[in-house]
Amino acid sequence: MTISIRPYALTDVPAFFEAACESVADVYPWLAWCHADYKIEDAQTWIASQVEAFEKRTEFQFVITDENGRFLGCCGLNHINEAHRLANLGYWLRTSAAGQGVMPEAVRLVARWGFANTSLERLEIVVAVGNVRSQRVAEKAGATREGILRSRLFFHDRPHDAVMYSLVRPAIGATDHGF
């Protein structure tokens, strides 16, 4: 499947909402925002905030689409730390698009975009220890597993250990590092 990424647009609300509703069973255990009571107004608020954040360069969230323009999920850079030139790289995928190589490619595309369009030197992918699918995405995208961070994530009213992965800016003249 051929995919592409682009920044959010306000017109993405219906497709985003549909994908979130389809994916509650798979996404909710790891991302508490995607729950059975998620409303279209929540999607509107989120997307409006991301359009503004992109314009202000405080976050860079991207919609993932297939060759037909179908909304597949999201991948982006947030928690940007200018002083240390690092950011979190997060992602989620609609259930019906899972297992087709979409997300590793999207991670590579966002990493390339981030290194080409910002001064970021390091992108961190922080994944709950139990989220094996997301760990596989990071590994397939070429990220380096660095270790387990105790109580690094907090969702569903309790802390969770997380696996830390990273992608770093390739050195000038270096060979391809998986992305």
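Miscellaneous remarks
- Dipole of segment 13-169 [Lys/Arg +1, Asp/Glu -1 at C-beta], most positive-end residue of 93, 34, 104: 104
- Here the Karplus curve 6.51 cos²θ - 1.76 cosθ + 1.60, taken at θ = phi - 60°, turns the phi angles of segment 71-79 into couplings of 6, 9, x, 9, 8, x, 10, 9, 6 Hz, with x standing for Gly and Pro.
- Per residue solvent-accessible surface (Å²) - the chain, probe of 1.4 Å: 52 Å²
- Rounded FRET efficiency, nearest 0.05, which uses the C-beta distance separating residue 25 from residue 56 and R0 of 41 Å: 0.75
- Subtracting the Cα-Cα distance of residue 146 and residue 81 from 0.36 nm times their residue separation leaves 21.5 nm of extension gain.
- Given their separation in residues at 0.36 nm each and the Cα-Cα distance between them, residue 10 and residue 155 gain 49.5 nm when the chain is fully extended.
- With an a/c value of 1.5 or above and a/b not larger than b/c for the gyration tensor axes a ≥ b ≥ c computed over the alpha-carbon atoms, segment 47-136 is described as oblate.
- Label zone (residue 32, point 7 Å along Cα-to-C-beta; backbone nitrogen cut-off 11 Å) within segment 140-164: 154-160.
- Per residue, the Cα convex hull of segment 79-179 amounts to 110 Å³.
- Charge tally for residue 43 (other residues, Cβ to Cβ under 14 Å; Lys, Arg +1; Asp, Glu -1): -4.
- Residue (of 144, 83, 24) at the positive-pole extreme of the chain, dipole from beta-carbon charges: 144
- Considering only alpha-carbon pairs that sit under 8 angstrom and 6 or more positions apart, the relative contact order computed for the chain is 19 percent.
- The P(r) of segment 1-91 has a tail past 16 Å containing 57 percent of all C-alpha pairs.
- For the chain, the dipole from Cβ point charges (+1 on Lys and Arg, -1 on Asp and Glu) about the Cα centre works out to 540 debye, to the nearest 20.
- Note on segment 1-65: with charges restricted to the Cβ of Lys and Arg (+1) and Asp and Glu (-1), its dipole about the Cα centre is near 240 debye.
- Rotationally averaged projected area of segment 54-98 (alpha carbon convex hull; nm²): 3.9 nm²
- Solvent-accessible area, 1.4 Å probe, carbon plus sulfur percent, for segment 1-53: 62 percent
- Per-residue [θ]222 nm for the chain (sum of -39500 (n - 2.57) over DSSP H runs n ≥ 4, rounded to 500): -9500 deg cm²/dmol
The values are calculated or read from the model by the stated rules, or taken from the named source; none is laboratory data. Every value quoted in this text rests on a predicted model; they were computed, and no experiment measured them. Because the Cβ atoms are built from the backbone with ideal geometry, glycine has one as well, and the counts that use them run over all protein chains shown. Areas reflect the complete protein model, heavy atoms only, side chains present, ligands, DNA and RNA absent. Shrake-Rupley method; radii C 1.70, N 1.55, O 1.52, S 1.80 Å.
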